[in-house]
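S.K.: Questions regarding the structure given below will be posed in turn.
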Amino acid sequence: MQTPETRAAYIVAMAACANASVAAMQAENDAAKSAGRPQVYNYHDFEGVPNAYGIHHNAVVSFLNG
């Protein structure tokens, strides 16, 4: 059984992973822009990151209260 602290630590770790993914996506978009190409990632791609890491609001609330 996980303690509240380990549950919170897991959410923080997933948020760090999501931030790294967003940073990589932004870097790819910047590189494409510098090369005169269209952006690789759009709003919907960025919007999907929390879902990909299971850290959207309802998932976090459910996990922390589970």
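S.K.: Report, by residue number, each residue of segment 29-56 that is exposed (fewer than 13 other Cβ atoms within 10 Å of the Cβ) and assigned to a helix (DSSP H, G or I).
M.R.: Selection gives D30, A31, K33, S34, Y43, H44, E47, N51.
S.K.: Looking only at segment 14-40, which residues are of a type outside the set (A, V, I, L, M, F, W, C) and farther than 20 Å from I55 by Cα?
M.R.: Taking segment 14-40 as the starting set, the residues that turn out to be of a type outside the set (A, V, I, L, M, F, W, C) are 19, 21, 26, 28-30, 33-34, 36-39.
Matches in segment 14-40: E28, N29, D30, K33, S34, G36, R37, P38, Q39.
Read the figures in this text as sums done on the coordinates, not as results from a lab. Predicted model only: the values in this text are computed from it and were never measured. So basically every Cβ, Gly included, is an ideal-geometry build from the backbone, and we count neighbours across all protein chains shown.
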